Amino acid sequence: MTQESLTEKLATHLMRPVDEATRQRARLHLLDWLGCIAGARQSELADKIIHKVDIEYDPLDMARWFGNLLEMDDVHRTSILHPGPIVWPAALSSTPETMDDALVRAVKGYEATIAVGSTLDTAHYRNYHNTATAGVFGAVAAFWAYDDSMPEGFPEEIKTMTSAFGLAGSVTSGLWQMRNEIGDTKQWHIVAAHDTGNHACCYAWDGLVGPRFILEGPQGLYAATCENPKPMTFPDQWRIHEVSFKPWGACRHAHPAIDVALELKAKLGSLDGDILVETYADAISFCDRPDPQSVNDAKFSIQHAVAIV
């Protein structure tokens, strides 16, 4: 294939300079992520994970595990994923020279995550965790050392980043089976995506070559996991501006029911008796758990969320 691949186009797209307003937006997401880490560290789940994986209280090591532990991680609605928990530890652990350097890497990590995640269709989301699938591409972009003196990049850098995307994408996954069982797999997805992006960058810098057409190739990610992948777009504005902050510590699919319950309670003074919740299909698929058995189960239970209100 001689035409330009999607990951080559994405690598070129990422070489643009990041404006001051976007860096300021990134600061808010950094603050939000740090708040998620600080809150998670106080939870019983955090102690459980530290004990299980033998984390020695290295801040960035813990951060890989804790970014989504409270279900308060930032969210991009249309791609149905959470960029922050993967992007920020990558941007900060890649030895940025300045805070601005870290912010730029994070903005580009968000961009790559969302660019790939927005192409994944409902067939993919049926079985795969979009954050994990697209997150490896975001981790690559956040680990990358950008040369500001060449804002458009240059052929060799584009080629190397494309190899890193290809290496990372060739092993990405993140199966939703975890939704059906109690465990810590969602945190493991974040750690695995972060580490895969890191390793892919290191090996690509050392000369390993990954597939250029890892997304759209005949045996690439789309062929394996999608029925009707959406076109990849390259907007002028950085897509971190499209990412929102969660108001409630629960799965995003439970938030509409929480909002409505709060409005009804404010209007009626109390909510007594039986409550019927009508919602959309994905919310039922993810959050219909009338009898949650753990803290994590409760975060994915519409029934529990409304009962708390």
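Nothing in this text is a laboratory measurement; each read-out follows from the coordinates by a stated rule. Everything numeric in this text was worked out from a predicted model, so none of it was measured. Reconstructed Cβ throughout: ideal geometry from the backbone, glycine too, with neighbour counts over all protein chains shown.
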Long-range amide H contacts for LEU81: which residues qualify at under 5 Å (H placed 1.01 Å from N, peptide plane, sequence gap of 5 or more or a different chain)? HIS76
Residues ILE190, ILE214, ILE80, ILE308 in order from fewest to most other beta-carbon atoms within 10 Å are ILE308, ILE80, ILE214, ILE190
Among the listed pairs LYS246/LYS267; LYS48/LYS265; LYS159/LYS246, give every one whose C-alpha distance is greater than 27 Å. LYS48/LYS265; LYS159/LYS246
Have a look at region 170-251 and give its Rg and Dmax from the Cα atoms, expressed in angstrom. 16.4, 45
The value for the chain (convex hull of the alpha-carbon atoms, volume per residue, Å³) is 141
What percent do you get for the relative contact order of the chain when only Cα pairs under 8 Å and 6+ apart count? 21
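Can you sort ILE182, ILE275, ILE37 so the residue with the fewest Cβ neighbours within 10 Å comes first?
Ordered by Cβ neighbours within 10 Å, fewest first: ILE182, ILE275, ILE37.
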Separation of region 201-240 and region 86-162 by C-alpha centroid, Å? 11
Pair ARG126, MET232: separation of 7 Å Cα→Cβ label points (nm): 2.5
Given only helices, namely DSSP H runs of n ≥ 4 each adding -39500 (n - 2.57), what is the per-residue ellipticity at 222 nm of the chain, to the nearest 500 deg cm²/dmol? -17000 deg cm²/dmol
How about region 241-297: which GluC sites (Glu not before Pro) there lie in a loop by DSSP and see at most 11 other Cβ atoms within 10 Å? GLU278
Just to be sure I understand the rule: take each whole DSSP H helix in the chain, project its Cα atoms onto its long axis, keep it if the span is 18 Å or more and its mean Kyte-Doolittle hydropathy is at least 0.0. Which ones pass? 99-117, 130-143, 155-169, 255-268
Nitroxide proxy distance, nm - points 7 Å out along Cα→Cβ at LYS9 and LEU271: 4.4
Relative exposure of TRP238, TRP176, judged by other C-beta atoms within 10 Å (fewest first): TRP176, TRP238
